[in-house]
Every structure is written in C-alpha cells, then in structure tokens.
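The values are calculated or read from the model by the stated rules, or taken from the named source; none is laboratory data. Here the structure is a predicted model, which is why all the values come from computation and not from measurement. Note: ideal-geometry Cβ built from the backbone for every residue, glycine included; neighbour counts use all protein chains shown.
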Amino acid sequence: MTAPAVEVRNLWRSYQRGSETVHALRDLSLSVAPGEMVGIVGRSGSGKTTLLNQIGCLDRPTRGRVIVAGADVTELPESELVTFRRDHIGFIFQLFYLLPTLTVAENVGLPLLLARRSSNGRVAEVCERVGLAGKLSALPAGLDGGDMQRVAIARALVNKPALLLADEPTGRLERCSRDEILAIFDDLRESGLAIVMATHDLEQADHCDRIVELRDGEAVPDARPGPSPHHRAKTPLMRAGCSRP
C-alpha cells in the first residue's frame with residue numbers, strides 16, 4: 001500500500017485563555033493519500049486553520065503525532081522544521097503574499113533562492129503549468145486576482161512538495177477565476193500531489209475527493225464524502241464569459 005502523504009494521529013491543540021483551557025483540536029485523526037484532495041469545512045473557529053498549521057509544521061500539537069511524507073515531524077527542532085517545510089510542503093493562502101517589487105518569475109523562484117538552489121528552468125516550467133507563460137516579467141500590480149493566485153500556486157510548487165496546503169485559496173476571487181484555480185488543482189492531484197484545502201465554500205468543497213467537517217475541533221463522524229475521484233467532472237479551464245486575456 002502507498003504510504004499517506006500526511007497523517008495526524010489523536011491530535012490535540014489546546015490554549016490557555018486566562019484560567020480557561022480552550023481545545024482548538026480534540027483527538028483528531030486524519031490520513032490523506034498521494035493524489036487525494038481533501039476539503040476541510042466548518043464554521044469560523046471550528047479548527048480549520050489550526051489543523052492546517054499543525055499539518056504544515058507551523059505550530060506544534062499539545063498531544064498527538066503529525067507525520068508528513070513518511071517523517072514524524074512532531075518533535076523536530078525548529079531549525080530542521082524550516083528546511084522540512086521548504087522541501088516537502090507547499091502553502092497557498094487567501095492573501096497572495098507576493099512581493100510587489102519582484103516579477104512573477106522572481107516571486108515564484110524565491111523559495112529556490114532562499115534554499116540556494118539553481119532553478120534550471122524550474123520556474124518557467126511551473127509557471128507554464130499554471131497558465132502564466134508569457135507573464136514571467138510582469139509585476140504583481142499588473143495582474144488580476146486569478147493570476148496573482150496562480151503565481152502563489154507556482155511558488156508553492158517550485159520545490160516539488162509532496163503536500164499542498166490551501167487556506168481559503170479562492171476566497172478573494174471571482175467565480176470564473178475560482179473555477180480556473182480548481183482546474184489547476186485537478187491537474188495537480190492527478191499527477192500525485194496530495195492537497196488539503198480549508199474552505200467556507202461548500203460548492204468548492206464538493207469538488208474534493210473527500211470532505212471532513214470540523215465542529216469545535218472535532219471531526220463530524222457523518223461528514224459527507226466528496227465525489228469519487230474516478231467519476232468527478234473535470235472543471236473546465238475556459239468557461240463562457242471567462243476567457244483569459
């Protein structure tokens with residue numbers, strides 16, 4: 001059997017708020033296979049972002065284990081976590097976090113620069129894959145929201161991660177741009193990339209292979225599955241009225 005791209009076991013994350021203990025995650029277990037796209041849904045405060053922060057090694061659990069790409073990262077020192085995140089996990093957020101003075105190519109290649117790696121054509125490769133060919137020299141101010149998110153996706157992919165984490169990745173986009181981003185996610189998971197996406201958009205969540213609903217930090221036992229990966233409809237990259245310039 002193929003090892004999971006990410007697995008969390010009996011995960012707890014608790015905080016102290018004065019004299020009160022707040023449990024943001026409660027004994028949560030989850031496994032995501034390579035090539036699977038899992039949607040994390042729930043109301044604000046249900047634990048979605050906390051879960052992504054645990055999986056992404058941005059925060060440490062109070063109890064439980066986090067295993068990413070076969071490595072138990074729960075107790076890795078911070079110096080090793082920095083390198084692990086860079087090499088194995090890609091992050092996409094609702095805010096694009098692009099550097100305004102850098103071109104598309106420079107924004108995408110920034111992780112390689114920080115890792116002191118040569119791009120060897122990798123920047124152009126991932127930009128073409130997400131539909132940015134011909135825009136490598138553009139600055140973020142000259143891009144629409146959909147293209148800025150494409151830059152963020154390309155930047156997340158440039159180090160060839162095993163896992164992609166997306167926190168409300170289309171929350172600031174118009175519908176046609178949202179559908180184009182989902183089409184890119186389709187292509188990525190079919191190539192074997194695991195994707196975990198937190199979203200308030202139930203229509204977007206229905207696009208996932210599986211849905212996990214959180215309530216007060218716990219997974220709802222009867223959360224509905226997404227469509228079968230063998231029968232899901234492809235989201236068209238071009239839609240009527242949504243042609244790209």
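Observations, loosely collected:
- Condition broken by Thr101, with the remaining ones in (1) more than 26 Å from Ala69 (Cβ to Cβ); (2) surrounded by 15 or more Cβ atoms within 10 Å (Cβ to Cβ) satisfied: (2)
- Residue match in region 16-24 (condition: among the basic types (Lys, Arg) and touching a residue at least 12 places away in the same chain (Cβ under 8 Å)): no
- Residues of region 170-185 classified as in a helix (DSSP H, G or I) and either among the polar types (S, T, N, Q) or within 23 Å of Ala3 (Cβ to Cβ) (or both), total: 2
- For region 32-55, a tally of residues being surrounded by 22 or more Cβ atoms within 10 Å (Cβ to Cβ) and in contact with a helix residue (DSSP H, G or I) (Cβ under 7 Å, 6 or more places away or on another chain) returns 5.
- Restricting attention to region 104-130, the residues that are under 17 Å from Glu180 (Cα atoms) and crowded, with 19+ Cβ neighbours inside 10 Å add up to 3.
- Residue match in region 52-66 (condition: closer than 13 Å to Glu218 by Cβ and not small (Gly, Ala, Ser)): no
- Single match in His231, His207 (criterion: modelled with pLDDT under 90, in contact with a strand residue (DSSP E or B) (Cβ under 8 Å, 6 or more places away or on another chain) and not in a helix (DSSP H, G or I)): His207
- Residues within region 39-70 that are in a loop (DSSP other than H, G, I, E, B) and either in contact with a His (Cβ under 7 Å, 6 or more places away or on another chain) or on the phi > 0 side of the Ramachandran plot (or both), tallied: 6
- Within the set Arg63, Arg17, the sole residue that is surrounded by fewer than 17 Cβ atoms within 10 Å (Cβ to Cβ), at pLDDT below 90 and more than 19 Å from the chain's Cα centre (by Cα) turns out to be Arg17.
- Boolean, Leu98 is in contact (Cβ under 8 Å) with a residue 24 or more places away in the chain, under 18 Å from the mean Cα position of the chain (by Cα) and assigned to a loop (DSSP other than H, G, I, E, B): yes
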